[in-house]
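Novice: This is the structure I want to talk about, given as structure tokens.
Taken together, the values in this text are just the output of simple stated rules run on the coordinates, not laboratory data. Being a predicted model, the structure only gives us computed values, none of them experimental. Note: ideal-geometry Cβ built from the backbone for every residue, glycine included; neighbour counts use all protein chains shown.
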Amino acid sequence: MYMLPKIAVGFFDERKKLLTKLSLVESMVMSYEGTTAKLDDLRSWLSSGINIMTSSPKYSIIIWDAEEMSPECQAVLLKPMEELGDQMNLVLAVENENLLLPTILSRGVVIYLNQDSSPVDESWDEIRKCWSSGPSACIAFVDKLEKERAIPVMEEVIRKLQASFLNEITPKRLLILDLAISSLAELKQTNINKKLIMDNFLISSWRIIKSAH
């Protein structure tokens, strides 16, 4: 088992408190400010940080206000998050995780560190029942789902899948997470059939769960 980089969500007026919650020692943390990130500077800093952590794993990297970085700067994180996720302790501190690239979200574990920033779960148990029961249950769930609930439900699925990676990461869960993130992007478009997208997601994810490999 390996661990994914962490995406810490909250309002961090006192940064030392966040470090304490994550069991990080300030002197062992290399920090970077996302609000002033520049592409070449970030590449250079990240390369140096990875070299330091490779030789001394006790160090950690934290990027404050990571969601404030441009899409180009965020994209710089993709390769190290994918290739070195189990070898480095990387934390992205954000107030709104939805401003991160979907590909960043799919490579990290979201942790809500302020009680009021943790969304309420409403549909996860029903989604799990759909996966247990099969296509007919999936269709029945979507039929009674109000259209405006489609996006919150998909966001909830993504949160739950990401949280499950704290305990175990499996290829099937990663496939379903990628499918959920793609489906969420489709749901946020205009003039689309939201119920059809939900149907396709639930049935496709059920097939992934039931597949032999």
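Novice: Going by the alpha-carbon gyration tensor, a ≥ b ≥ c the square roots of its eigenvalues, is the range 1-77 rounded (a/c under 1.5) or, if a/c is not under 1.5, prolate (a/b greater than b/c) versus oblate?
Specialist: Oblate, since a/c reaches 1.5 and b/c is not below a/b.
Novice: Let me ask something additional. If you wrap the chain's Cα atoms in a convex hull and average its projection over all directions, what's the area in nm²?
Specialist: Mean orientational projected area (the chain, Cα hull): 12.7 nm².
Novice: Averaging over every viewing direction, what projected area does the convex hull of the Cα atoms of the range 124-210 cover, in nm²?
Specialist: 5.1
Novice: To the nearest 500 deg cm²/dmol, what mean residue ellipticity at 222 nm is calculated for the chain from DSSP H runs of n ≥ 4 alone, each contributing -39,500 (n - 2.57), summed and divided by the residues?
Specialist: After summing the helix terms and dividing by residue count, I get -15500 deg cm²/dmol.
Novice: May I ask for the net charge around residue 192, where only other residues with Cβ less than 12 Å from the Cβ of residue 192 are counted and Lys, Arg are +1 while Asp, Glu are -1?
Specialist: Once all neighbours under 12 Å are counted, the net charge is +3.
Novice: With charges only on Cβ, +1 for K and R and -1 for D and E, what is the dipole size of the chain about its Cα centre, in debye, rounded to 20?
Specialist: 680
Novice: Let me ask something else. Which FRET efficiency value, to the nearest 0.05, do you get for residue 38 and residue 78 by plugging their Cβ-Cβ distance into 1/(1 + (r/R0)^6) with R0 = 22 Å?
Specialist: My answer for the efficiency is 0.80.
Novice: Convert each backbone phi in the range 32-40 into a coupling constant with the Karplus relation 6.51 cos²θ - 1.76 cosθ + 1.60 (shift: θ = phi - 60°), then list the ³J(HN,Hα) values in order as whole Hz, x for Gly and Pro.
Specialist: Here the 3J(HN,Hα) series is 9, 8, x, 5, 10, 5, 10, 4, 5 Hz.
Novice: Tell me which of 164, 209, 183 sits at the most positive position along the dipole axis of the range 146-213, charges placed on C-beta atoms (Lys, Arg +1; Asp, Glu -1).
Specialist: With unit charges placed on the Cβ atoms, the residue in question is 209.
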